[in-house]
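Here the structure is laid out as structure tokens; the discussion comes afterwards.
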Amino acid sequence: MEILKVDTVDQYNKLFGFETRHPLVSIVEFDDPTREERYRINFGFYALFLKDTKGCTIDYGKTTYDYDDETVVCFAPGQTVGFTQIQGTQPKSLGLLFHPDFIRGTSLGRNIKKYTFFSYEANEALHVSQEERMIIRDCLMKIRMELQRAIDKHTKGLIAINIELLLDYCMRFYERQFITRQDMNTDTLARFEQHLDDYLHSGAAAREGIPSVKYFADKICLSPNYFGDLVKRETGKSAQEYIQLKMIDAAKEELLDPQKTVTQVAYTLGFQYPQHFARFFKRQVGLTPGQYRNQG
């Protein structure tokens, strides 16, 4: 299927027949069953869709998810997303589009990276309650009302504030979803720990290098951002911090084996250069590997 590269909000609006009231931000609403049934879009801007009825599947990366009602899904610039309309249905969705240029110099522009859900996979979408959906829709309607006014010196600030408010609500709702999926999250964390232990003690680190967050996210079939947020929620530590703590535990075990040199321990844990391992270990423990070994 051909990938449609859509770099601007205006290009998107023209593609689907929406009016452009501001070149960098738009509210769009899909409720037409006669639209194109399948397409793939590479986004050049941020997009958030509230999908409130069954009717289409959305895939991102290798994952496809059939959304039921009350779902929010977000995309970031550079992502390629596939949409497939299900025959005999009338999909409805309300969307917010905003270009990175729109938020430059605003509080939202400075804080946009904290909204990690823009890089979640399709099956990690936000499923909202009726009350939550009403809040999201209210934020979108306020943005739409502002766009219907003539653009003036207040337009950018007011719209940016409302987008930031909307994204803050989405963060709150995602945190609620992490809580309601506690059993699933606990199982995911247990699988992560098992994969990490295997990686550090099976020789994989020596072959593949220092373990990365992306490696384990892929193993568990989650996006790195969603995986990182889940680990943070469950452990209070970032996924990278959690990996490093496990590496230190493994290093301490290895260093207590008098048959192994510090260089061998470094290679076992995936370090290409022993001096990098020594700096890493001292930063975490406060002692060099040799000092730790000697005090033991």
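The values are calculated or read from the model by the stated rules, or taken from the named source; none is laboratory data. Fair warning: this is a prediction, and the values are worked out from it, not measured in the lab. Here Cβ is always computed from backbone atoms with ideal geometry, including for glycine, and neighbour counts include all displayed protein chains. Ligands, DNA and RNA are stripped out before the accessible areas are found, and what is left, the full protein with its side chains, is counted by its heavy atoms. Shrake-Rupley method; radii C 1.70, N 1.55, O 1.52, S 1.80 Å.
What the table below lists for this structure:
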item	result
Tally, over segment 190-236, of residues that are without any contact (Cβ under 8 Å) to a residue 60 or more places away in the chain and assigned to a helix (DSSP H, G or I)	27
Contacts under 7 angstrom Cβ, first residue in segment 1-13 being closer than 15 Å to Ala76 by Cβ and touching a residue at least 24 places away in the same chain (Cβ under 8 Å), partner in a strand (DSSP E or B) and of a type in the set (A, V, I, L, M, F, W, C), 6 or more apart	Val6/Ile41; Val6/Phe43; Val9/Val25; Val9/Leu97; Tyr12/Val6; Tyr12/Leu97
Long-range neighbours under 7 Å by Cβ, at least six apart or interchain, first residue touching a residue at least 60 places away in the same chain (Cβ under 8 Å) within segment 264-285, second of a type in the set (D, E, K, R) and open to solvent by 50 Å² or more (accessible area, probe 1.4 Å)	Gly270/Glu208
Scan of segment 176-215 for residues that are of a type in the set (Val, Ile, Thr) and either under 22 Å from Tyr267 (Cβ atoms) or open to solvent by 80 Å² or more (accessible area, probe 1.4 Å) (or both), ordered by number	Ile179, Thr180, Ile210, Val213
Sole exception among (1) open to solvent by 20 Å² or more (accessible area, probe 1.4 Å); (2) under 23 Å from Glu29 (Cα atoms) for Ala160, by number	(1)
Wholly enclosed strands (runs of 3 or more DSSP E) of segment 21-131 bearing at least 1 residues open to solvent by 60 Å² or more (accessible area, probe 1.4 Å) and modelled with pLDDT under 85	38-43, 63-66
Residues of segment 237-261 satisfying the condition of being open to solvent by 30 Å² or more (accessible area, probe 1.4 Å), in contact (Cβ under 8 Å) with a residue 40 or more places away in the chain and either of a type in the set (Lys, Arg) or over 30 Å from Ala125 (Cα atoms) (or both)	Lys246, Lys252, Leu256
